[in-house]
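Following: one structure in structure tokens, then a few remarks.
Read the figures in this text as sums done on the coordinates, not as results from a lab. As the structure is a computational prediction, the values presented were derived from the model and not from experiment. Neighbour counts are summed over all protein chains in view; Cβ atoms, including those assigned to glycine, are modelled from backbone coordinates with ideal geometry.
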Amino acid sequence: MVIQPFEYLTPKTLPEALALLEEKKGAAHPLAGGTDLLVLMKLGKMEPKFLVSLRNISELNSIKSTTQLCTIGAGVTVSEIADSGLCAHNPAMADLVQQMATLQIRNRATIGGNLCTAAACADFPPVLLVNDATIHLVSKEGFRDVELKHFFTGPRQTIKKTNELLVSISFRKSNIGTAYMKFGMRKAGNIPIVGVACSMDIEQGRIRDLKVAVTAASPTPMLIAEAAQTALSQKPNDATWEAIAKVVPDCLAPISDLRGSVEYRLHLAQVATRRALQKAYARYTGAFDA
Ligand SMILES: Cc1cc2nc3c(=O)[nH]c(=O)nc-3n(C[C@H](O)[C@H](O)[C@H](O)COP(=O)(O)OP(=O)(O)OC[C@H]3O[C@@H](n4cnc5c(N)ncnc54)[C@H](O)[C@@H]3O)c2cc1C
């Protein structure tokens, strides 16, 4: 299909971009890397009259960190995250950036675009969810912070208003006991059939806190509260990982599509959870034995 005509707007500052979104109401869409939006426009699934380029807006392009938190600008690309040194402290993020899409896509695709496009199979949400992420939105009315777990409302739907921009995402900077396990149909350009991220904290030989989040197996990526409950105060061992993995499928609501059936996705979710937990624990113990 041919992309319908649109006007390309290039604000130089955040207030200018927000003013444009306000003025054009829902007719204007922010454009980051374009790896989702332009594909949807080509397929005729979206026909924005105006594209507001975010390319020149410096507030969206930095990575900052304190001792506890890392804050990534919405316009930072997957490749920039991979090169940032952040992944050394957060192995789930390293798993993600190595496996997402292809190098060409990673060089353009942004973390903010991945969250705002809100695909049910997106790779960033599960990893950010197990790292307690908060997102920072801004409109002409001001800033608001939202826990990522409250952001997604359905496939390609979020609580973000049409006059708002995602500025940045904050999450735990150092989280060694983490992993992201993704099953796809091939090695490159690999949209997940199911993806599972997990994180764990252990105190005196018992699990103090454990999180599991799943993508591509429900209308939105989601944190599995039942996994955390099953894990609490248990010993970190294979029997516990299996028990946690078993509760996950019952919390999911996958669809059948060209990548996998409902039954296959539920099976993979259980397998991926067990493997992700084993991997995260090996990293955790490796880190603490060292
Ligand atoms: C070949 C190919 C392979 C892919 N593989 C994967 C994969 O393995 N895993 C995966 O998760 N995704 C994959 N994708 C999807 C896509 O690359 C990612 O979702 C990417 O992160 C989107 O970022 P972007 O900067 O290109 O967003 P854009 O396409 O520019 O924007 C996406 C949406 O977000 C909105 N938006 C962007 N930035 C902001 C902001 N700051 N504030 C408010 N709204 C904003 C836009 O208006 C648009 O609605 C793939 C895509 C292609 C084409």
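For region 151-290, the calculated P(r), taken from all Cα-Cα distances in 10 Å bins from zero up to the bin holding the longest distance, is 12, 38, 32, 16, 2 percent. The alpha carbon centroids of region 1-57 and region 148-173 are separated by 18 Å. Put simply, the chain fits an ellipsoid with semi-axes of 34, 21, 16 Å; these come from the alpha carbon gyration tensor as the roots of five times its eigenvalues, largest first. Modelled spin labels at SER65 and LYS45, positioned 7 Å past Cα toward Cβ, are 3.4 nm from each other. R0 = 35 Å: FRET efficiency of MET1 with PHE143, Cβ-based, nearest 0.05? Here the calculated transfer efficiency is 0.40.
Using only Cα atoms, tell me the angle between helix 14-24 and the longest principal axis of the chain; keep it within 0 to 90° and round to the nearest 10. Result, in degrees: 70.
With a/c under 1.5 counting as rounded, go ahead and sort region 125-202 into rounded, prolate or oblate using the C-alpha gyration tensor (a ≥ b ≥ c being the square roots of the eigenvalues; past the cut-off, prolate if a/b is larger than b/c, else oblate). It is oblate, given that a/c is not under 1.5 and a/b is not larger than b/c.
If you run the Gaussian network model on the chain, springs between alpha carbon atoms under 10 Å, then out of ARG106, ARG259, ARG172 the most flexible one is ARG259.
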